[in-house]
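What follows is a short report on a single structure.
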Amino acid sequence: MNYKRIGAALASALLLAGCLMGPNYKQPDLDLPTGEAADNFSIFTNAKWWEVFEDTTLNELEDTALAYNKDLQAAVARVDEARAAVGIATADQLPSLSAAGQSGRAGNKLGSGESQSTANVSVSFELDLWGKYRRLSEAARAKLLASEASRDTVRLTLTADVAKNYFALRTLDEQLLIAQRTLKARQENVRIYTSRYKNGYSTEVDLKRVEANMANVQAQEQQLRLKIAQTETALSVLLGKSPREMVENNTPRGKNLADITLIPNVPEGLPSDLLARRPDVRAAEGNLIAANANIGAARASYFPSIPLTASAGYASGALNNLFTGSAGVWALGGQVLAPIFEGGKIRAQNKQAEAAYREMLATYEKTVQGAFKEALDALSANRINRDIFDSYKQQTEAMRRSYDLTKKQEDAGLIGVTDLLNVEENLLSAEMNLASARNDELSAVVNLSKALGGGWNVKDGFGPYENLVKKQQAELAKQAQTEK
């Protein structure tokens, strides 16, 4: 036997086993603008970013949602699925070991027969000469990271929705108080003008006007109660409450709308590096890495596969002699399986993998574009909504003063009821708008936290995808050094 030739063949196989088909992943050039340092935005990216509002009730609602929300639970399960897929892909790179045993007897009508018993252990292994299974494992790991990032996206969306629904609820509560206070004043107007009409000091036209205005506020009050009930139900779903708990709903309240802490203004620029780490961007890049790895796996299909098998065991015609030395058997074998004609299937699979990569690349770039759009819109809203609130605040203060003066004039008989009703309506509108503007201020902070990928700790350094790329680059550099 020519051992040198066998050794050379084995050495060649081992060298080939270090090959990887397909392109190595390279992060696309995003052409990001120069922006603010990520540390300047750390208040928006803490794991519990909602705590900046300093409302313990909101904090409790967020904790409940994170523990029981069904969408988040489903996202966590998808991560577990992806992690299991990594285990499957990794197992394909390892030898498989199996054991078998059987015993039987065969004969004919003449009464002659023989017994046969076997027991063996077999090992099978496919040489990954072209890196097919390593590429598939790489794709599975990238899919796992993408799944984890998608879970983080669900978490971020959930916490933002809880905060915005809570602020909407507190806004509706405030507007309900305004409507009730206004209704009380309108009811007093009706009482006064009913008395005046009965005593001949006012016309029926004036009485009907104040009655109509009172009915209008009553309708607004009922509409607000409906919106409050709907918002409470929406919060119940976000919190993962059962149907029974939804029916028995009793959503807790925390600070009044005006007392909720509003953080100072933020820098004007965009933290480009921070936006690139948003969970949706990370998920898109994970899918891109997986698509890139699948190109290599598809290209490896052009080349032969070499499965190796080995088995050892015992075979005997008598069961009591099965495990004796003379009954021992063994076998070694290998195959070379090369594609010759498959009707263009392999070529089509390669084109499919390359097209999938282009699709994921476009999706990744579009996701980054969307991230910058959301951040720009959120920054603008955060700044402008504060100016809008200040304007409504000035309007409300002026309307309250105008109402006080108009009421005194109406009581003195210097003006008619129409003037008073007009001022009352304007005051109601101003107070309602002020409450809505406050909600818009708070929601703008929530949207900015979401746009910046709230929940990312800027002190952690590189995100998981940057680490994956760095790890791959290190492995390639090590391989190149070994080949030298």
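Every number here is computed from the coordinates shown, using simple stated rules; none is lab data. For clarity, every value in this text was computed on a predicted model and none was experimentally measured. Heads up, the Cβs are rebuilt from the backbone with ideal geometry, glycines too, and the neighbour counts pull from every protein chain shown.
What the table below lists for this structure:
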{"item": "Contour minus Cα-Cα distance for Asp404 and Gln223 (0.36 nm per residue)", "result": "62.4 nm"}
{"item": "Interchain or long-range residues, amide H under 5 Å from Ile415's placed H", "result": "Glu410"}
{"item": "Integer Hz, Karplus 6.51/-1.76/1.60 couplings in order for segment 244-256, x for Gly and Pro", "result": "4, 5, 5, 5, 8, 3, 8, 5, x, 10, x, 5, 5"}
{"item": "Entries in Lys184/Lys255; Lys208/Lys407; Lys241/Lys450; Lys227/Lys255; Lys26/Lys351; Lys164/Lys366 that, when Cα-Cα distance is taken, lie over 22 Å", "result": "Lys184/Lys255; Lys241/Lys450; Lys164/Lys366"}
{"item": "Normalised per residue, the volume of the convex hull around the Cα set of segment 141-221 (Å³)", "result": "65"}
{"item": "Potential lengthening between Thr309 and Gln187 on full extension [0.36 nm per residue; Cα-Cα distance subtracted]", "result": "34.6 nm"}
{"item": "Segment Lys208-Lys26, extension gain: residue separation times 0.36 nm, minus the distance between their alpha carbons", "result": "58.0 nm"}
{"item": "Sequence ranges 198-207, 52-61, 130-139, ranked by mean other-Cβ count within 10 angstrom, highest first", "result": "130-139, 52-61, 198-207"}
{"item": "Residues Thr57 and Lys373, FRET efficiency given R0 of 51 Å [Cβ-Cβ distance, rounded to 0.05]", "result": "0.95"}
{"item": "Sequence of Tyr403, Tyr302 once ranked by neighbouring C-beta atoms within 10 Å, starting from the fewest", "result": "Tyr302, Tyr403"}
{"item": "Protection proxy ranking, peptides 431-440, 392-401, average beta carbon neighbours within 10 Å, highest first", "result": "431-440, 392-401"}
{"item": "Net charge of Cβ neighbours under 14 Å - reference Gln395; Lys, Arg +1; Asp, Glu -1", "result": "-1"}
{"item": "³J(HN,Hα) computed for each position of segment 169-183 - Karplus, 6.51 cos²θ - 1.76 cosθ + 1.60, integer Hz, glycine/proline x", "result": "5, 5, 5, 5, 4, 5, 5, 5, 4, 4, 5, 5, 5, 5, 4"}
{"item": "Förster radius 56 Å - calculated FRET efficiency between Asn250 and Lys345 (Cβ-Cβ, nearest 0.05)", "result": "0.35"}
